[in-house]
Amino acid sequence: MKLDDRTYRDAARAASEARFARAVAACLSESADRLSPDVAERLRFGREKALELARSSRGEAVGVTASGAAIAGFGRSPWWLRFASVLPLVALVGGLVMIQNWQTRTQISVAAEIDEALLGDDLPINAYRDPGFAEFLKAPPSE
């Protein structure tokens with residue numbers, strides 16, 4: 001038997017169980033008005049107990065936050081799932097650090113090329129005092 005067949009059968013079984021549960025719930029809802037309060041209370045208690053048992057069998061950890069909203073427990077999830085949820089943030093921070101490092105190195109490289117061109121070129125001392133010297137620095141080097 002293939003894994004796909006097993007998955008399909010499990011999904012089909014789950015779908016048929018859900019249909020049956022909806023049908024039973026519909027029948028119970030129709031006759032709920034005719035029940036005595038004692039029977040209605042026992043059914044409510046049984047329903048709550050069944051829901052609690054279903055949650056515990058699925059392994060769902062439901063916690064209540066300060067605002068009162070029920071959320072799935074993050075502490076009970078596997079370590080790899082917690083790691084996978086934090087991994088995009090780590091990648092983003094690492095990428096930003098690498099971009100900053102690249103920009104710093106580029107700026108240093110450009111400044112070093114300008115210094116090399118100035119120190120390696122044969123210019124008279126009066127050229128450094130010339131008002132057009134800043135324009136000479138801004139111009140691209142001629143090769």
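Here are the numbers for this structure:
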quantity	calculated
Condition met for L89 (modelled with pLDDT of 85 or more, loosely packed, with under 10 Cβ neighbours inside 10 Å and farther than 30 Å from L137 by Cα)	yes
Residue in the stretch 100-109 that is surrounded by 10 or more Cβ atoms within 10 Å (Cβ to Cβ) and either at pLDDT below 85 or closer than 30 Å to G59 by Cα (or both) present	no
Among residues of the stretch 5-41, those that are under 18 Å from A54 (Cα atoms) and not aliphatic (A, V, I, L, M), counted	7
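The values are calculated or read from the model by the stated rules, or taken from the named source; none is laboratory data. This structure is a prediction, so every number in the text was calculated from the model and none was measured. As a convention, Cβ positions derive from the backbone with ideal geometry for all residues, glycine included, and neighbour counts pool all protein chains shown.
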